[in-house]
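Some notes on the structure that comes next.
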Amino acid sequence: MSEGQQPIASERKGPGLAARFVLAFCGLFLVFGSGVVFTVWNNDRQNADRHATDVLRREARSIAAQMDIAERDSQQIDTAYSLELVVSDPAAEPRGLRIVAADRVLADHGAPAFRKAIGEFVRGAGAGGEILVAAAPMKGGQVYVAAERRVLRHGSMGTAAFVASLFFGFGALAALIAWFMARSISDPLSRLTAFAETFGETFSAAPVEFKTGDELETLGRAVNQMGERVQATIRRLQRMAYSDIATGLPNHERFTRDVTEFLNTRQGETGGLFVVRLDRLDRIFDAVGHDAGDELLARIVNRFASAVRAIDRMVRTEHCVTLPSQLARLRGGDFAILASSFRGPEDAARFAQLLASALNQPFDWREHKLVLGAAIGAAILPQDADDADTAIRHAMLALSAARADNGRMKFFTKALDREAHAQLAFEREMRAALERNEFKAYFQPKVDLLSGRVIGAEALARWVKPDRTMVSPGRFIPAAEENGLIGSISEVILRDACWKAADWAREGFPLSVAVNISPLQFADERFTDKILRAMADAGLSPDRMELEITESVALENPERALRLLEPLRSLGVKVSLDDFGCGHSSLASLTRLPFDIIKIDQQFVRALAKDRHAPAIIEMILAMAASLDYTVVAEGIETEQEADFLRRRGCQIGQGFLWGAAMPAPEFLRFNAERANVAQRGVA
């Protein structure tokens, strides 16, 4: 019995059902029988008393008659003689006798108790207790006769005893029958209780069978059916709890248990834990649709399982049949394999290499040639982990390293673990920096290439520590994108930029500000409301706000992008397509999306002096933008030659180190004032 589970019927303290039933029956029978016997006894006693009184009266009348006869036959008869004649009658021996004539006691024979009772009777007090008195008239007086009640009752009180013995005899027989009847009910119930106890502890018990032909047999069948249904439900829940519903493979929980069992029972063996990510699986499912995706997933799993069996026969020849490798699906496109009995780490490495090669081979499906793009992270057991969770985590670290290096396979090393701990510490530091408001908006000038005037700035995130040291954006931005903090940081920069731009306008510098929108920000359905709220809180005019969105984010769902951005554009907010040319945009999509500005990525600008194709690409982008009536911003300009090339080909706005790096808001204002003075002197 598990801890905290309440004891049930087997630990009851009171009498059982059968005993309680018999006790209740006997109690009722005793009460009823006692009432009957008492009634019979009382009637019997009353009848006996009436009979005794009648007998005593008859006796008194008989003695009075004898005395009258004796007096009639002889007036001179001796009274004492007559009395002796009466007393000498055997029937009169136990009785007290008194003969009174003319208030004179003629004879008195009897014990003092009899004389006392007769005296009380004569005085009208009545005789009571155990002595009865009767009187009969005679000539010249009265005859009083007294006798003990018990003597007169003798022989006339047997009815109650007979009834009591008969009644309680039948009662004992009925109690015995009731006991067996109660046991015939309680025994099946006890078996049902034992069944429930066993089933409650193990979810398994032998069926109970009753051949009573009554409701108990029906109840037993119902309990058995309930147990079978519960067991079927438990088996179904176990399959759901430990199996992946879509593929039927063991899931993460079951795989963890299998790894734990291996580590606990297969000590001394070399095993391998391989985590495989099919990077292109989600994209393929999105392309083929849900219905076809189920069929495709079944095909992929069969191909996966066949590859594992084939590699087992090649690498684990001696154990491929008795101890086959176990394939599981952890989540989405992540699968895992547990293989044991390797001869050494070299066999595990060969296993992983063959698996990566097999899974990255193209295969045909519905007239399509598909490539899954498998990457593998591996951990050697037990040297890389002592428990299942750690083993899986280490294999996942190796998988992340393999994907980061654009490789297909990597094994876990302690360096990867140290790097993971460092990343966690860095993430904690970033979260603390967010709470301390250490992320600030810095502003890089955007310059009109024709006039040289500053027309605005791009707000860039900078992490400024309390000691005024700065963390490189190249370090914290990729980390924020990976751990999900990029959305919060972008929100901070958005609000900071809005307030700074509103302050500039109030100081007489109506400059526009461009803010980068992260994928997490744009994925929020409240994106439009948040932008409007940030501008309203700061008091920034919408025509001074510019949103920079990468083409990969915007073109992921053009319809949604149009729905979120069009309300902002209608208020005067500008939308810029950032890093144009680096994604997978199409001209058809560009014509449908609500963009006002195109930003030429800095890699094309920096390639002007190195790549002979770069000028042609830039000229093509500028020509397309002009035909679509887009404003063009070139970023990454570092030399006058690059600025001159872009100016002569119609690029309107430039941005880059030629004019300055991102700087704090006060420094940007000073820079803007200096550039305005230079532009005025140039005009003069």
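The values are calculated or read from the model by the stated rules, or taken from the named source; none is laboratory data. Computed from a predicted model, the values in this text were never measured in an experiment. When we count neighbours, we look across all protein chains shown, and the Cβ atoms used for this are built from the backbone with ideal geometry, even at glycine.
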statement: Checking 497, 461 in turn, the sole residue that is touching a residue at least 12 places away in the same chain (Cβ under 8 Å) and not in a helix (DSSP H, G or I) turns out to be 461
- request: List the number of the failed condition for residue 589; all other conditions in (1) surrounded by 14 or more Cβ atoms within 10 Å (Cβ to Cβ); (2) modelled with pLDDT of 90 or more; (3) part of a helix (DSSP H, G or I) hold.
  value: (2)
- prompt: Is it the case that some residue within segment 624-640 is under 26 Å from residue 286 (Cβ atoms), among the small types (Gly, Ala, Ser), assigned to a helix (DSSP H, G or I) and modelled with pLDDT under 90?
  reply: no
query: Any idea how many residues of segment 308-346 are in a helix (DSSP H, G or I) and either buried (at least 16 other Cβ atoms within 10 Å of the Cβ) or among the aliphatic types (A, V, I, L, M) (or both)?
result: 6
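For segment 277-284, state whether one or more residues are more than 25 Å from residue 400 (Cα to Cα), at pLDDT below 90 and out of contact with any Asp or Glu (no Cβ under 9 Å at 6 or more places or on another chain). Steps first, answer last, please.
The initial filter retains those residues of segment 277-284 that are more than 25 Å from residue 400 (Cα to Cα), namely none.
No, that holds for no residue.
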query: If you scan segment 525-544, which residues turn out to be assigned to a loop (DSSP other than H, G, I, E, B) and either among the charged types (D, E, K, R) or not assigned by TED's automatic domain parsing to the domain that holds residue 567 (or both)?
result: 525, 526
message: Anything in segment 479-502 that is of a type in the set (D, E, K, R) and surrounded by fewer than 17 Cβ atoms within 10 Å (Cβ to Cβ)? List them, or say none.
response: 481, 482
field: Positions within segment 373-394 being among the polar types (S, T, N, Q) and in contact with a helix residue (DSSP H, G or I) (Cβ under 9 Å, 6 or more places away or on another chain), in sequence order
entry: 383
- prompt: Among the listed residues 520, 540, 532, 562, which satisfies the condition of being under 30 Å from residue 508 (Cβ atoms) and surrounded by fewer than 22 Cβ atoms within 10 Å (Cβ to Cβ)?
  reply: 532
query: Taking segment 465-478, which residues are part of a helix (DSSP H, G or I) and buried (at least 17 other Cβ atoms within 10 Å of the Cβ)?
result: 476, 477
- request: Those residues that are under 16 Å from residue 269 (Cβ atoms) and either more than 35 Å from the chain's Cα centre (by Cα) or not assigned by TED's automatic domain parsing to the domain that holds residue 375 (or both), I need them from segment 324-350; list them, please.
  value: 341, 342, 343, 344, 345, 346, 347, 348
query: Which of the residues spanning segment 609-621 are surrounded by fewer than 20 Cβ atoms within 10 Å (Cβ to Cβ) and touching a residue at least 24 places away in the same chain (Cβ under 8 Å)?
result: 609, 615, 617, 619
- request: Could you list all residues from segment 347-372 that are in contact with a helix residue (DSSP H, G or I) (Cβ under 8 Å, 6 or more places away or on another chain), surrounded by 14 or more Cβ atoms within 10 Å (Cβ to Cβ) and of a type outside the set (Lys, Arg)?
  value: 347, 351, 354, 355, 358, 359, 365, 370, 372
task: Kindly provide the set of residues from segment 407-437 that are surrounded by 13 or more Cβ atoms within 10 Å (Cβ to Cβ), over 35 Å from the mean Cα position of the chain (by Cα) and in a helix (DSSP H, G or I), ordered by number.
output: 416, 419, 433
- line: Checked 541, 472, 552 against criteria (among the hydroxyl-bearing types (Ser, Thr, Tyr) and within 23 Å of residue 437 (Cβ to Cβ)); the one match is 472
query: Among 275, 259, which is aliphatic (A, V, I, L, M) and in a strand (DSSP E or B)?
result: 275
message: Please verify whether residue 679 is in the same structural domain as residue 516 (by TED's automatic domain parsing), at pLDDT below 90 and touching a Gly at 6+ places or on another chain (Cβ under 8 Å), treating the condition exactly as stated.
response: yes
